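Novice: There's a structure below that I have some questions on.
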Amino acid sequence: MDSCGQRLAPTVPPAQRRAEPLQLLLRRSQEAKNSAYCPYSRFPVGAALLTASGEIFSGCNVENACHSLGVCAERTAIHKAISEGHTSFKAMAISSNMGEDFITPCGACRQVMREFGTDWDIYLTKADGTYIVKRLEELLPLSFGPEDLNKA
Ligand code: THU
């Protein structure tokens, strides 16, 4: 309100305000990519995970001389969030240096994501920041999850 009791116009248009959290998530995934430890593949990946409470946990791929011990960016971000007490997620953004294709998570990461529900959004980006968004259900249809263990 101003001094005459009139409602003041917001300085940022509503559409722009709504876009902000997504832009931040995308940026955080690009920033995380800069920390990738990938001397073997030279394929840096970054991920940023948005929790239900609005916090963002980022992660990068971490490779190892014993190649099978490498971990993807997506799982690094998820494990960071879980270990800080967060188990409910809204979205994840994933970034790589691929210019022509959208980065897509590997099968193992899709299954790890699925452990925490099927009802969230995965933003797959190109190096220039353009993206497509998929529901986890689309990336891993007919999935097996924790609830299924009680059905037998
Ligand atoms: N990688 C990820 O971290 N996320 C993906 O979505 C695809 C692949 C990593 C694993 C490995 O360190 C490198 O990229 C090449 O496969």
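The numbers here are math on the coordinates, done by the rules we state, and not lab data. None of these values were measured; they are calculated from a predicted model. Note: ideal-geometry Cβ built from the backbone for every residue, glycine included; neighbour counts use all protein chains shown.
Novice: Loop-only check: which chymotrypsin sites (Phe, Trp or Tyr not before Pro) in the stretch 29-85 are DSSP coil with at most 16 other Cβ within 10 angstrom? Spell out each step's value before the answer.
Specialist: Details: sites: Y37, Y40, F57; in loops: Y40.
In loop regions of the stretch 29-85 (DSSP not H, G, I, E or B), the sparsely surrounded chymotrypsin sites (Phe, Trp or Tyr not before Pro) are Y40.
Novice: With n ≥ 4 as the cut-off for DSSP H runs, can you work out [θ] at 222 nm for the chain, using -39500 (n - 2.57) per run divided by the number of residues, rounded to the nearest 500?
Specialist: The per-residue figure over the chain is -8500 deg cm²/dmol.
Novice: Still on this structure: Can you give me the Kirkwood hydrodynamic radius for the chain, using every pair of distinct Cα atoms, in Å to one decimal?
Specialist: The answer is 16.7 Å.
Novice: Also, I was wondering about something else. Using only alpha carbon pairs under 8 Å that are at least six residues apart, calculate the relative contact order of the chain and give it in whole percent.
Specialist: Relative contact order here is 17 percent.
Novice: Taking the stretch 30-71, which GluC sites (Glu not before Pro) meet the DSSP loop condition and have no more than 14 other C-beta atoms within 10 Å?
Specialist: Answer by residue number: E55.
Novice: Does the stretch 22-79 come out rounded, prolate or oblate by the C-alpha gyration tensor, with a ≥ b ≥ c the root eigenvalues, rounded set by a/c under 1.5 and, if not, prolate when a/b is larger than b/c and oblate if not?
Specialist: It is oblate, given that a/c is not under 1.5 and a/b is not larger than b/c.
Novice: Say we join alpha carbon atoms closer than 10 Å with springs in a Gaussian network model of the chain; which of P44, P141, P21 then has the biggest fluctuation?
Specialist: Of the options given, P141 has the highest mean-square fluctuation.
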